[in-house]
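Worksheet: the structure to be examined is printed underneath.
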Amino acid sequence: MSHINAKEAYKSLEERLNRFPQGAPPSKTLYKILEMLFTEKEAALVAQLPIKAFRVKTAAKIWSVSESEALKILDMLASRAILLDIEDGKGKKYILPPPMAGFIEFALMRTRDDIDQKLLAELYYQYLNVEEDFIKELFYSSDTKLGRIYVQEEVLTNDNEVTILDYERATHIIEEASHIAVGMCYCRHKMHHMGKACEAPMDICMTFGNTANSLIKNNYARRVDASECKELLHQAYEHNLVQCGENVRKGVTFICNCCGCCCEAMLAARKFGNLHPVATSSFIPKINYDNCVNCGKCVKACPIGAIDKIKENDKTIVKIDEDRCLGCGVCVRNCYKKSITLLKRKEKIITPANSVHRVVLMAIEKGQLQELIFDNKALSSHRAMAAILSSILKLPTAKRVLANEQLKSVYLDKLLSMNQK
């Protein structure tokens, strides 16, 4: 690899990160964050890696080094959760996780002394909570959201139980996961270093599948079974935490248990109102005013401030802002009079089938589909290309047309035409 200076290395890495559908807008603060997490050499190397999963052979070829040397570097990066190392039927492969949910969180998912975590937390706070460009890009730059809300299952009525789908249940995700890991909540850990943390449980961040296994192997999270994970879920319910997981039906990689004072998605929902940083659940709470005593417990419990007391016809009542409401069910749990119940939303909530489907949708909506398909050396992976094209072919007609316009590809045009016959 030809020598480049530090500034070029970190700038190249910044550009690389922005090729994810959920990018990381450049700033002086991001530059300082990358300097803390990556050495100059590592930044230069990682900037050359594909966005999609790759094997040692691919990295060795890109870096012009031997496979044994590439393996050593990749395993070292995985040990610091900069990369994820994943096992499949053909052996080990690696993937560069997105900034969020990814290596930004991983750096604060355990206590470690190889970096100054207090300084890193202060930089994160500046980049995410003060500058806001990253949060706006992450949550509001596409119609398809990275995360979605799981309703609190313990408050569901018998009628709700009939209508809720398996993939809408956090318990189902837990029961189906091949690996389950629990680590430190990055949001509350960050706020702890800022002197702003709440008393909600810290070790309650859940990851699943290959992502979980990689974090477990590299000591960023601990392995738990489904039973313990469901106990932690119940603990999260009792602390009025909101379950926000990956916005897919199959292969969910994370469920965060979010408080309204520390967690990025809840803070964004509180600040930007009805724009919805994450997809809502398929439920909406309704108040029965015949037995509501106007105690205000639901007002205090709502993590995003979507419930308030208002004056209506010279009477003070509790009112739910349905445009802002995420449908988490926390308010129902806190109503001792059982005056609040959950009803199905009138509008259908569309959830992407899997991670590839979600990423393709986000890439199309942000005009980045060509970045996803014509990624660094990625066309050598026919399986990755096939997965992306398969997701495109399953999209609604308007999305497929938009995909074709972005690519201006004869190949894709023929595939789309064949699919319509």
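The values are calculated or read from the model by the stated rules, or taken from the named source; none is laboratory data. In this text, all values refer to a predicted model and were calculated from it rather than measured experimentally. Virtual Cβ from ideal backbone geometry, glycine too; neighbours counted across all protein chains shown. Quick note on the areas: whole protein, heavy atoms, side chains included, nothing else; ligands and nucleic acids left out. Shrake-Rupley method; radii C 1.70, N 1.55, O 1.52, S 1.80 Å.
Evaluate the relative contact order of region 145-257 (contact order divided by residue number), counting alpha-carbon pairs under 8 angstrom at least 6 apart; express in whole percent.
After rounding, I find 35 percent.
Taking Cα pairs under 8 Å and at least six residues apart, what relative contact order does the chain come out at, in percent?
Over the chain, the number comes to 15 percent.
So for region 1-126, what are the equivalent ellipsoid semi-axes in whole Å, largest first, each being the square root of 5 times an eigenvalue of the Cα gyration tensor?
Each semi-axis is the square root of five times an eigenvalue, giving 23, 17, 14 Å.
By average Cβ neighbour count within 10 Å, what is the ranking of 231-238, 174-181 from highest down?
So the peptides 231-238, 174-181, ranked by packing, come out 174-181, 231-238.
Kindly provide the chymotrypsin sites (Phe, Trp or Tyr not before Pro) of region 1-58 that DSSP labels as loop, not H, G, I, E or B, and whose Cβ sees at most 16 other Cβ atoms within 10 Å.
Hits after loop and neighbour filter: nothing returned.
Using Cα pairs under 8 angstrom and six or more residues apart, how large is the relative contact order of region 203-279, in percent?
Here the relative contact order equals 30 percent.
With a 1.4 Å probe and all protein chains left in place, how much accessible area per residue does region 249-359 have, in Å²?
50 Å²
Efficiency by 1/(1 + (r/R0)^6): what FRET value for E161 and N5, r their Cβ-Cβ distance, R0 = 60 Å, to the nearest 0.05?
0.50
Need the list of lysines near K72 for cross-linking: C-alpha distance under 22 angstrom, and skip anything on the same chain fewer than eight residues off.
Filter leaves K41, K52, K57, K61, K90, K92, K93, K217, K377.
Over region 151-232, with the other protein chains present, what is the accessible area per residue in square angstrom, probe 1.4 angstrom?
That works out to 44 Å² per residue.
With a 1.4 Å probe and all protein chains left in place, how much of the accessible area of the chain comes from carbon and sulfur atoms, in whole percent?
After summing per-atom areas, the C and S share lands at 51 percent.
What nm distance separates the two modelled labels at D143 and K271, each placed 7 Å from Cα along Cα→Cβ?
A separation of 2.6 nm, rounded to one decimal place.
Would you please give the FRET efficiency between C295 and E132, computed as 1/(1 + (r/R0)^6) with r the Cβ-Cβ distance and R0 = 25 Å, to the nearest 0.05?
E between C295 and E132, to the nearest 0.05, is 0.10.
Could you compute the FRET efficiency for K250 and Q48, with r as their C-beta to C-beta distance and R0 at 30 Å, rounded to 0.05?
0.45
For region 341-368 and region 195-256, write down the distance between their C-alpha centroids in whole Å.
Centre-to-centre distance over Cα atoms comes out at 22 Å.
Report, in deg cm²/dmol and to the nearest 500, the calculated mean residue ellipticity at 222 nm for the chain, where each DSSP H run with n ≥ 4 adds -39500 (n - 2.57) and the sum is divided by the residue count.
-12000 deg cm²/dmol
Within the set of other residues whose C-beta is less than 10 Å from the C-beta of V299, count the net charge using Lys and Arg as +1 and Asp and Glu as -1.
So the environment of V299 carries a net charge of +3.
Please give the contour-minus-distance gain from D321 to R345: 0.36 nm per residue of separation, less the Cα-Cα distance, rounded to one decimal in nm.
That works out to 7.3 nm of additional length.
Taking a label point 7 Å from the Cα of E122 along the Cα→Cβ vector, which residues of region 190-220 have an amide N closer than 15 Å to it?
190-196
How much accessible area per residue does region 8-50 have, counting only protein heavy atoms and a probe of 1.4 Å, in square angstrom?
With all protein chains present, region 8-50 gives 35 Å² per residue.
How much length is gained on full extension from V65 to E312, taking 0.36 nm per residue of separation minus their Cα-Cα distance?
Stretched out fully, the V65 to E312 stretch lengthens by 81.8 nm.
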